1. Checking THR42 against (1) in contact (Cβ under 8 Å) with a residue 12 or more places away in the chain; (2) among the polar types (S, T, N, Q); (3) farther than 29 Å from LEU436 by Cα: exactly one of these is not met. Which one?
2. Among the listed residues ALA55, ALA71, which satisfies the condition of being among the small types (Gly, Ala, Ser) and either assigned to a helix (DSSP H, G or I) or surrounded by fewer than 17 Cβ atoms within 10 Å (Cβ to Cβ) (or both)?
3. Among the residues in segment 140-161, are any crowded, with 16+ Cβ neighbours inside 10 Å, more than 25 Å from ASP88 (Cα to Cα) and either in the same structural domain as SER15 (by TED's automatic domain parsing) or not hydrophobic (A, V, I, L, M, F, W, C) (or both)?
4. Going through GLU439, GLU496, GLU479 one at a time, which residue ends up being modelled with pLDDT under 90, crowded, with 17+ Cβ neighbours inside 10 Å and among the acidic types (Asp, Glu)?
5. State yes or no: is TRP269 at pLDDT 95 or above, buried (at least 24 other Cβ atoms within 10 Å of the Cβ), closer than 30 Å to PRO335 by Cβ and of a type outside the set (D, E, K, R)?
6. Kindly indicate whether any position in segment 307-318 is within 25 Å of SER429 (Cα to Cα) and hydrophobic (A, V, I, L, M, F, W, C).
7. Under 7 Å between Cβ atoms, which residue pairs at least 6 apart in sequence (or on different chains) link something in segment 212-229 that is within 11 Å of SER165 (Cβ to Cβ) with a partner that is among the acidic types (Asp, Glu) and outside any loop (DSSP other than H, G, I, E, B)?
8. (1) modelled with pLDDT of 95 or more; (2) assigned to a loop (DSSP other than H, G, I, E, B); (3) crowded, with 19+ Cβ neighbours inside 10 Å; (4) of a type in the set (Lys, Arg): which one isn't true of ARG357, the others all being true?
Amino acid sequence: MSRPALLALDIGTSSCRALLFSPRGRGLGSVSSVRYRPATTTDGGATLDPEALVADVVRAIDGVRIDRPVAAVGVTTFWHSLLGVGRDGRPVTPLLLWMDGRSGPDAETLRATLDAAAVHARTGCLIHASYWPAKLIWLRRTQPTAFAATVRWLSFADYLAEQLSGQPASTSLSMVSATGLFDQDAGRWDPELCAAVGVRPEQLPPVVSLDVVRRGLVPALAGRWPALADVPWLPAIGDGAASNAGAGCLTPDRLAIMVGTSAAVRAAWRGSAVAPIGLWRYRLDETRVVLGGAMNDGGSLLDWLRRTLRLPAHPEVEQAVAALPPAAHHLTLLPYWAGERSPHWRTDVAGALLGLRINSSPIEIYRAALEAIALLIGRVAAAVDSALPMPTTTVVATGGALLGSAAFRQIVADVLGRPVLRSAVPEGSSRGVALLAAERLGLLTSLDALQPPIAGTAEPVAAHTAIYREALARMLAAERAIFGGSEAATLKGRAEGA
């Protein structure tokens, strides 16, 4: 009989994937993937249809060839999503995504009325449009009928579990730690924030351990997937935490840099952490903390530029980008097309491109974007490094945009001034949630002890690092000129509500 496998469901902003792994994280067959695109609006909206997304997940599972026993199903999905459901269990709001920035003014209002530094200390999250409190106030203000009709507020992970199992929604510490509405130290929905946004704790899902698994599917799906009908389904975890696990970055000396749709710098380990202003503190599970910062623009900005500038196919773009010297285009790009999170957490900024000349080429603009994202990664990485309990010895590149471009990895290494290892795992979040499931089932002794799977290293060039220090100074000067204030004042003043 074949050895048991773990089924991983990885639900991202633009696609969901389903695939099988061995208990030690080896992929077993092809990836079943379904793509989609969020609905966006000119005022900063970014939503998905939750019922359509459930159907997409079902289609992805349909595409998996299950040819061996399945020991468990692990689920990972985007953090920060929010939807309201009515008494009949149907959605009464769209699924608001992390990038939905329409609640920016509501975040400003909250900062003015609450002790934002104390909120950050309790929840691990800054007051910002990414998180639930501002989104809830925006919904109450702009969609009062839907707000009043909402009986329960859920993330997509909670809604999916309910739709597949037919059982009332519960959620994991990993998911609630990134809502901005949960007091991580007290282990409860935050009373002050709940009162401020107009929701009752009983409208929010109960928080359960990852050991509290679900079994059973609704009848239609049990008949459709007999191999999954009675296996344990673990509570979902955030995709960023799963990505660190999949990349082998679960000790504080290992830093994971991810550029997928968005971008992030994360460290994860067993224990606790205090996040300085400008960074967030989430959880992977009951014992592991995740510390880092996130940027809205990563692969999404690069995709936009490729479409808008009508760039050629990837191999040609990669070759052309690699041939350009560092920052020789004399352009300064502020990568805030989708708004801004780390390091400023401002809700009033937008993207900018400065220094255009009559001879500026599309490839130079594209390289400027790669360098700008890398410079922002460098700023966040320095802040994360300063908050870790030990020095960083290993930096691992993950996410499709980084894994697919040697030129981009070289730029990041040059900006950081340190080697950047290329993860050998193309599906980091999927692998991570499968490994976590194996650990919970006792099929894997210690997830922390696994070494990062590596497929090459980008070594920094000292002369390039010096050039990028000058480019960073130009970026900071441009931000001050356009958005006002110094970086330090923005970080501290905006985050603390000054």
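1. Just one mismatch for THR42, condition (1).
2. Numbers: ALA71 fails: either assigned to a helix (DSSP H, G or I) or surrounded by fewer than 17 Cβ atoms within 10 Å (Cβ to Cβ) (or both).
The match here is ALA55.
3. Looking for residues that are crowded, with 16+ Cβ neighbours inside 10 Å, more than 25 Å from ASP88 (Cα to Cα) and either in the same structural domain as SER15 (by TED's automatic domain parsing) or not hydrophobic (A, V, I, L, M, F, W, C) (or both), one finds none in segment 140-161, hence no.
4. Working: GLU439 fails: modelled with pLDDT under 90; GLU479 fails: modelled with pLDDT under 90.
It is GLU496.
5. Details: at pLDDT 95 or above: yes; buried (at least 24 other Cβ atoms within 10 Å of the Cβ): no; closer than 30 Å to PRO335 by Cβ: yes; of a type outside the set (D, E, K, R): yes.
Here the answer is no, as TRP269 does not meet what is asked.
6. no
7. Every condition considered, no pair remains.
8. (3)
The values are calculated or read from the model by the stated rules, or taken from the named source; none is laboratory data. No experiment lies behind these values; they were computed from the predicted model shown. Here Cβ is always computed from backbone atoms with ideal geometry, including for glycine, and neighbour counts include all displayed protein chains.
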